1. Which order results if I375, I16 are arranged by neighbouring Cβ count within 10 Å, fewest first?
2. Relative to the longest principal axis of the C-alpha atoms of the chain, give the angle of the C-alpha long axis of helix 348-358, reported between 0 and 90° and rounded to the nearest 10°.
3. Would you please name the trypsin sites (Lys or Arg not before Pro) within region 2-98 that are DSSP coil residues with at most 13 other C-beta atoms within 10 Å of their C-beta?
4. Write down the radius of gyration of the chain and its Dmax, each obtained from C-alpha positions, in Å.
5. How much FRET efficiency would the formula 1/(1 + (r/R0)^6) give for S261 and V136, where r is the Cβ-Cβ distance and R0 is 25 Å, rounded to 0.05?
6. Between region 364-406 and region 261-300, how many Å separate their Cα centres?
7. So, in nm, how far is label E180 from label L401 when the simple model puts each one 7 Å beyond its Cα toward the Cβ?
8. Please quote Rg/Rh for region 48-166 to two decimal places, taking the Kirkwood radius as Rh and restricting both calculations to Cα atoms.
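Here, each number is a calculation from the coordinates, and none is a lab measurement. Computed from a predicted model, the values in this text were never measured in an experiment. Here the Cβ is made from the backbone with ideal geometry for all residues, glycine too, and neighbour counts use every protein chain on show.
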Amino acid sequence: MTAVEPAHVLVSGAGIAGCAAALSLAATGHTVTLIEPSTDTGKRFAGEWLHPPGVRALDRLGVAWRDLPHRPGLGFAVYPDDGLHPIVLPYPGGLTALACRHDLLLDRIRHTAAQQPKVSLLYGRRVQAGADGYPVITGPTPPNPVPTRGLWIRAEGRTAQSGPSHPRSHTLGLLLDDVELPLEDFAHVFAAGPSPVLAYAINEGQVRMTIDVPAHLRRPGKPYDLHDYRQAMPAPLLACAEAALRAGLGRWSANRSQPRSQYTTTPHAAFVGDAVGSHHPLSACGMTLALLDGECIGAHAVKTYSLIRRWAGAVPEATALTLHKILADADGRDPVRQGLFRMWRSSPSAANHSMQLLAMEENSLRRFSYTMLEILKFAIASKPRSGKALLAWTWWTLRLLYRLAAVRTNRVRGGLSRYFSRGRA
Ligand SMILES: Cc1cc2nc3c(=O)[nH]c(=O)nc-3n(C[C@H](O)[C@H](O)[C@H](O)COP(=O)(O)OP(=O)(O)OC[C@H]3O[C@@H](n4cnc5c(N)ncnc54)[C@H](O)[C@@H]3O)c2cc1C
């Protein structure tokens, strides 16, 4: 059941979020015009690991993905900088993620949307906000007039964001052929370098590697090599990555963070996916959030959508921020980082709770706060004399929890907590 009367809706951007919105809106009786500048999905360097709630959203939206070349994702294997054995963090309850090339998945979602009788997908055009706030379509005149005074779903990705533009790091992406990872179907996080390296199989014999390269490690005018990451990953994998980089196969993407706060500007305009805000790709949550945003806007009026998604997106966002702070901002001597690894090694229940949060299967503020306290407890046990660092972490945690509580209590009232009471998206 939709909360709004069926009408015409303009969706700008046929990425994951825009297509999900188009499918969901069409399913609730709306007529949708989906506008996209580019037919070329292959140019993108974007998400390829989809957490289990995202996979379920694909199924609910009717996107057939099982025949695409892909691998299941069973969880994460973290290789810390303490020289000990890797930490294996399976998804709770045997859930699986989907690892698949972004262009293949996006082509399939676009195709599914374009097949819907109620969706018109128009390429080669852009949408911008006019002086009066209503959308203006630029490019070739559409075959049929497109109403622009109704609901406008903005799914233009990061180009719709208005935040700071200076990246703190870049992601270097490499697609590696004929290489195997130590643990089949786990995403490997190699944490012993200057910043984390993520590697997972996306097809038989094909591995996606993404390397977080802090801004100060990129020397302007010099070709990049993986010298700084030599100690971080197994030698065969490093050799393969270096060969791919030498062959010019590396792709770069700037990492910019913008809080997910802009869900709507007027009663007639809603933002979905990265247009709402985005974070460092380390936690691999962007596509899942994009799908869930898109699915939600089809079923609710703009204001309700904004309340639901602000509520539901807060804990995943806080989890992404926390992971980045511990794994990318800190170094191996950091007590919190050591505490996190120690917690994962020695407390299976805490490890399981972390995975529930990361997988977005758990959405409760209580669980998140408890996990943050556990990390602090293990950090103190790891390095009790690092008073300054522990104090800084405690202060950072308190501010984060305060902000989260504000989102959950001040801005969102009514029965939403019951709506999400089991924490399932
Ligand atoms: C390097 C990297 C790795 C990542 N890894 C992961 C991962 O493993 N897992 C994960 O879940 N997420 C990951 N992410 C994040 C994920 O890719 C994004 O969150 C997701 O693609 C967002 O989808 P979207 O549809 O909101 O935006 P986009 O994918 O950016 O799509 C926006 C669309 O809007 C179109 N557009 C732009 N301007 C206009 C306009 N004016 N008018 C009309 N259309 C317009 C664009 O052409 C594009 O098709 C990663 C991101 C990066 C950069």
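1. Final ranking by Cβ density, sparse to dense: I375, I16.
2. On a 0 to 90 degree scale, this one is about 30.
3. Sparse-neighbourhood loop trypsin sites (Lys or Arg not before Pro): K43, R66.
4. 21.5, 70
5. After rounding, the FRET efficiency stands at 0.50.
6. 27 Å
7. Simple spin-label model gives 4.5 nm for this pair.
8. Values: Rg = 20.1 Å, Rh = 18.2 Å.
My calculation puts Rg/Rh at 1.10.
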